[in-house]
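Read-outs: derived from the displayed coordinates by stated rules, not from any lab. Note that the structure is predicted; figures quoted are calculated from it, not measured. Don't worry about glycine lacking a Cβ; one is built from the backbone with ideal geometry, like all the others, and counts go over all protein chains shown.
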Amino acid sequence: MASTDRKHANGEDKLVFSLRRERGLASSYLYLFQEFWCPGIAIEGVESFQKYFEAKDSDVVVASFPKTGTTWLIALTFAIVNRKHFSAQNHPLLTSNPHTLVSCLEFKIFCHEIHDPVLHLSTMLEPRLFSTHTPFTALPKSLIQSNAKIIYICRNPFDTFVSAWTYFNKIRSMSLPALELEEAFEMYCDGIVSFGPWWSHMLGYWKESMARPNKVLFLKYEDLKENVNFYVKNIAEFLGCPFTAEEESDGEIESIIELCSFEKMKELEVNISGKLDKFIDNKLFFRKGEIGDWVNYFSPSMINKLSRIIEEKLSGSGLSF
Ligand code: A3P
């Protein structure tokens with residue numbers, strides 16, 4: 001699966017050499033690849049995902065821009081889809097980080113540097129559940145043309161920025177100085193962040209959700225925070241597995257919400273001391289889990305600038321924050 005045929009004798013990648021690159025918020029470079037800013041490590045994974053992924057009609061893909069609530073949505077989706085198999089007392093989400101249970105297509109499945117050899121796409125139980133940060137326009141045809149379902153989550157760009165800046169500063173290589181808020185903000189405003197620009201990312205999925213509402217369910221982190229009960233039911237209906245009256249009266253929805261709540265997940269031993277793929281501390285996926293923390297970071301000029309960009313980029317789309 002690895003595209004070794006395009007490597008130079010010294011191991012460097014010819015394609016990567018030809019792409020414009022910029023330092024991202026993390027330590028590694030971002031490359032302008034297929035019109036989005038792709039982390040270097042994910043380029044081969046995205047290409048292999050596009051080339052080799054064969055979607056099944058029963059597949060479910062949780063798509064997101066990084067730091068918009070991916071972890072929460074994959075936990076909820078995993079719990080909803082598998083609710084017949086596990087009890088709340090003995091649930092895999094109590095002992096595994098959600099990213100371990102739901103693998104990211106361009107990283108864990110198709111990136112040979114991170115690939116988990118025990119994962120075999122053809123033998124995974126159905127419905128197969130995946131995550132992706134790949135923009136809609138770069139998804140494989142097989143996924144777009146199949147009846148596989150996509151659930152997308154986005155978040156207020158102010159909170160997304162703060163979440164990304166704090167997260168990437170923590171995973172930045174120890175040898176690099178911390179990235180100042182102002183410098184990171186300029187990159188974010190220019191769209192130079194992993195899988196960015198963020199406005200194109202959300203608009204790609206937004207437009208498809210308008211055109212094909214049975215294919216893409218478009219959610220906002222803030223809406224989920226305000227009424228998670230409604231959206232758990234909404235997700236189950238969208239996936240064709242609505243809660244029965246009996247499940248509702250048995251408190252099945254509340255128990256899924258409780259299992260996947262920020263407070264519960266953050267306190268689990270696996271999310272305090274565990275690591276994802278041996279290098280990211282699970283605890284980094286759980287910071288504050290709040291709406292509006294950005295007010296503690298933004299100056300008046302930053303508020304003006306980002307508000308203007310949001311208005312300009314989303315105007316006429318029907319999407320707003
Ligand atoms: P903050 O940094 O604002 O706290 P992602 O999962 O896409 O990386 O997004 C991470 C953001 O989602 C972080 O936001 C994190 O705290 C928040 N988050 C993680 N798990 C959550 C949960 N179960 N409920 C609500 N928010 C959650």
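Ranked by the mean number of other Cβ atoms within 10 Å of their residues, highest first, the peptides 256-263, 99-106 come out as 99-106, 256-263.
Residue order for K84, K67, K305, fewest other beta carbons within 10 angstrom first, comes to K84, K305, K67. Judged by the ratio a/c of the largest to the smallest principal axis of the C-alpha gyration tensor, segment 242-306 counts as oblate, that ratio being 1.5 or greater while a/b is no larger than b/c.
Eight or more residues apart or on different chains, and alpha-carbon atoms under 24 Å: count the Lys pairs in segment 236-321 matching that. Qualifying lysine pairs in segment 236-321: 12. Result for the chain in a Gaussian network model with C-alpha springs under 10 Å: among S87, S131, S301, the largest mean-square fluctuation is at S301.
For the chain, DSSP calls about 40 percent of its internal beta bridges antiparallel. Overall, the anisotropy analysis places the chain in the rounded class: the square-rooted eigenvalues a ≥ b ≥ c of its C-alpha gyration tensor yield a/c less than 1.5. Helical content of the chain, expressed as a calculated mean residue ellipticity at 222 nm, amounts to -11500 deg cm²/dmol (DSSP H runs of 4 or more residues, -39,500 (n - 2.57) each, divided by residue number, nearest 500).
From most to least packed by mean Cβ count within 10 Å, the peptides 139-145, 310-316, 108-114 give 108-114, 139-145, 310-316. Taking a ≥ b ≥ c as the square roots of the eigenvalues of the Cα gyration tensor, an a/c ratio of 1.5 or more together with a/b no larger than b/c marks segment 212-321 as oblate. For the pair segment 157-174 and segment 39-110, the centres of their Cα atoms are 21 angstrom apart.
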